[in-house]
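Undergrad: My structure is below; once you've seen it, I'll send some questions.
Each value in this text was obtained by applying a stated rule to the coordinates, not by laboratory testing. Just so it is clear, the model here is predicted, and its values are computed rather than measured. A quick note on method: Cβ atoms are made from the backbone with ideal geometry, for glycine too, and the neighbour counts reach across all protein chains shown.
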């Protein structure tokens, strides 16, 4: 761990970010160049004291999870993120691990979308970043670990994952999830991460095995779906999907499809955050 170099790098990256880039109002009396330490701590979900100790070169070695959170908070590029890991005494994540860190440009787009629900998802269906409205709609998907990180795995192994959709839509969503995973498997032929997930899903779910055997292929681009929220009821949403050039990550943007859904979404923003019990797929 190169403490002095790490401290200098973190300070300089913090000072280089304009508050508006991360959705923070600058205000007329603001004197700090870039972000304040407490703002970085808030964005990264860690204590201000730890951010201070990191910037002063007297912290313990940060975990890879903390480094990932800092990389997102500071909007680091892929090269800057790898440099951060090296300075902290860690190897950058392998190919699949790198894909699990949302790209800086996509995270900035989450900030710019404001009250529009949006999230960044990997090609395997792991939610990498969410904005506030997305959290209100479907809860924090970052809490999942292991295979539960993947939308398809939760859908076929956890019955409660389907509660977010009305029964009339569940069969269609199941087919779409499998068709999308089939397309990923074709692009990433021989990738042990993909083949391992498919093998474990096949062992865990007869429904998945049946749908997989049908060999349907379909990459999601746009969709209309209903999310059933426990506090405000069903919300009809249009979902637009933007993908990165390598197809490794997607930005999903969810907008209300009618006036009633818009009113329910506005009410949800007023009510505030309550953990959504299902944590279900949204693709």
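Undergrad: Quick one: Cα centre-to-centre distance for region 39-80 and region 137-182, in angstrom?
TA: Between the Cα centres of region 39-80 and region 137-182 lies a distance of 31 Å.
Undergrad: Considering all alpha-carbon pairs of region 152-240, what whole percent are spaced by more than 17 angstrom?
TA: Of the Cα pairs, 53 percent sit more than 17 Å apart.
Undergrad: Under 8 Å for C-alpha pairs, at least 6 residues apart: give me the relative contact order for the chain, rounded to a whole percent.
TA: Averaging sequence separation for qualifying contacts and normalising by length gives 18 percent for the chain.
Undergrad: Would you list 229, 90, 141 from fewest to most Cβ contacts within 10 Å?
TA: Exposure proxy ranking, most exposed first: 90, 229, 141.
Undergrad: Above 28 Å lies some portion of the pair distances; for region 114-271, what is it as a whole percent of all C-alpha pairs? Kindly include the intermediate steps, with their values, before the conclusion.
TA: Values: 2360 of 12403 pairs.
Considering region 114-271, 19 percent of its Cα-Cα pairs are separated by more than 28 Å.
Undergrad: Now a separate question. To the nearest 10 degrees, how steeply does helix 64-73 sit against the main Cα axis of the chain, on a 0 to 90 scale?
TA: For helix 64-73, the angle is close to 80 degrees.
Undergrad: Now for a separate question. Per residue of the chain, what 222 nm ellipticity follows from adding -39500 (n - 2.57) for every DSSP H run with n ≥ 4, rounded to the nearest 500? Don't skip to the answer; put the middle values down first.
TA: Values: 13 runs with 133 residues, N = 283.
My calculation for the chain gives -14000 deg cm²/dmol from helical runs alone.
Undergrad: Dividing the alpha-carbon Rg of region 110-204 by 2.2 N^0.38 Å yields what?
TA: 1.14
Undergrad: Here is a further query. When only C-alpha pairs under 8 Å and at least 6 residues apart count, what is the relative contact order of region 165-243, in percent?
TA: The value is 34 percent.
Undergrad: With all pairs of different alpha carbon atoms counted, what Kirkwood hydrodynamic radius in Å does the chain show?
TA: That comes to 20.2 Å for the chain.
Undergrad: Also: Please report the equivalent ellipsoid semi-axes of region 3-92, computed as sqrt(5 x eigenvalue) of the Cα gyration tensor, largest first, in whole Å.
TA: One finds semi-axes of 22, 14, 11 Å for region 3-92.
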